[in-house]
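Step one of this worksheet: look at the structure below.
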Amino acid sequence: MNRSYGRPRRPRARPGRRLTHDAVDLDAARNARRRGRATPATCQSGEDGLRDLTPRMPRVSLDAHERLRCYAAGALRVCRGFAARAGAGRDADRLQRHVVQHRRGHRPRFSPSAGRWSLLALLCGVAVLAACGEAVRTTTLRPAEPGHVVERVFHSGALRGPERYAVYLPAGYATSGLRYPVIYALHGLPSNETGYRHMGIADWGTGAEEAGRPVIVVAPQGARAGDTDPEWHDWGPGRNWETAVAHDLRREIDARFRTIPSRSGRALIGISAGGYGASIIGVRHPGLYSVIQSWSGYFRATNPAGDAPLELGSPEADSAASVHSYVRRARRVFRRDLPIAFGFFVGDEDPLFVPENVALHRELVAAKVPHRFAVYRGAHTGAFWEEHREEWIRDAVRALAPAG
């Protein structure tokens with residue numbers, strides 16, 4: 001390049017070669033090296049350029065690198081096309097003049113055409129880099145682990161022995177880092193030490209995920225050898241099943257799993273005798289649960305046949321084991337500052353529990369306690385509960401605090 005202060009000489013193009021930005025940049029770099037100046041780093045094209053860029057990329061999978069290679073190759077082709085348009089003919093001469101004048105302190109001048117095509121090249125590069133970043137982000141994500149059920153055991157002081165339970169962990173639990181609401185699912189009675197395994201809690205958890213509200217579902221042991229129908233009731237040291245659920249199990253779950261450790265993140269749902277357990281434990285501990293549901297349950301302790309109430313030794317004990325008595329004290333149980341989403345349903349062909357469900361509904365209406373009640377066509381069977389499971393689980397999870 002001419003060293004005088006006159007008009008800079010235009011680089012000569014070889015025969016058959018079109019003058020582009022590359023020619024200007026090469027001449028500028030050559031002259032800079034002659035003067036002993038360092039040349040700025042330039043963006044390389046082709047495979048060599050990609051190899052130079054690769055060590056500075058984050059470590060991603062092979063698929064991600066292949067995708068980035070495709071994006072970069074396409075970007076280079078597009079940018080070269082824009083650069084050729086911007087540097088052709090008169091614009092190349094003016095671009096070279098701009099570089100020289102900028103070095104000597106002169107005011108730079110661009111032709112409108114060169115500025116327009118350069119801006120388009122810049123915008124194209126930004127868009128491609130954003131796409132490459134998205135490719136890295138999406139390809140490094142691993143598929144979420146599916147929801148699954150595990151079994152655990154811990155020592156319960158209320159039972160003075162081991163208490164077993166099954167727990168459903170939602171899809172992606174291991175990697176999400178989220179805290180989840182918990183549904184406690186109580187099984188029917190009489191039963192044995194494995195009754196909790198037949199609650200089908202994986203279906204409960206899947207239904208919650210389909211509703212867009214993933215939850216942890218816990219099914220605790222509610223009976224054992226020699227104690228097959230304890231009614232989820234506190235009978236005394238070593239047989240305090242209510243305390244085992246409301247205190248021991250709750251603390252175990254909150255300590256071992258990522259839960260929402262407040263009443264807004266807890267639901268208590270039971271089937272048949274478990275419906276009684278959920279109702280009585282829920283109204284006796286309104287500060288612990290925000291959702292209570294009974295599916296074909298009853299509302300006072302009954303004998304194993306379910307056709308007569310149990311006599312617990314005193315009127316006070318009988319009253320403490322009856323949900324009906326807590327409705328009469330509704331202002332203390334169903335408080336406005338501690339709202340409870342209380343619901344229950346029964347089949348019209350249930351041989352034992354339709355009258356008591358209807359009676360509780362009328363009592364709640366008279367006490368002006370918000371609740372949901374339904375009588376469906378059906379009997380006291382697993383198929384009946386399965387038919388309505390999805391609807392009622394959806395209602396429960398929507399009343400709970402979402403995972404977060």
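Worth pointing out:
- Annotation: the residues Val333, Val365, sorted from fewest to most other C-beta atoms within 10 Å of their own C-beta, follow the order Val365, Val333.
- Restricting segment 294-336 to trypsin sites (Lys or Arg not before Pro) that sit in a DSSP loop and have at most 15 other Cβ atoms within 10 Å of their own Cβ leaves Arg328, Arg329, Arg335, Arg336.
- Cα shape, segment 148-399, gyration tensor, a/c 1.5 rule: rounded
- Order of Val369, Val218, Val182 under a 10 Å beta carbon neighbour criterion, fewest first: Val369, Val182, Val218
- Computed over segment 194-320, Kirkwood Rh from alpha-carbon pairs, angstrom: 15.6
- Between segment 153-190 and segment 258-293, the Cα center-to-center distance that results, in Å: 13
- Exposure proxy ranking, count of Cβ atoms within 10 Å, fewest first, for Tyr276, Tyr289: Tyr289, Tyr276
- Taken along the Cα-to-beta-carbon direction at a fixed 7 Å, the label points for Ser319 and Arg251 span 3.0 nm.
- Loop chymotrypsin sites (Phe, Trp or Tyr not before Pro), segment 208-245 (other Cβ atoms within 10 Å of the site Cβ: 11 or fewer; DSSP): none
- Spacing of the two label points (7 Å from each Cα toward its C-beta) at Arg372 and Arg239, in nm: 3.7
Just so you know, all these numbers are worked out from the coordinates, no wet-lab data involved. Every value quoted in this text rests on a predicted model; they were computed, and no experiment measured them. All Cβ positions, glycine included, derive from the backbone under ideal geometry; neighbour counts span all protein chains shown.
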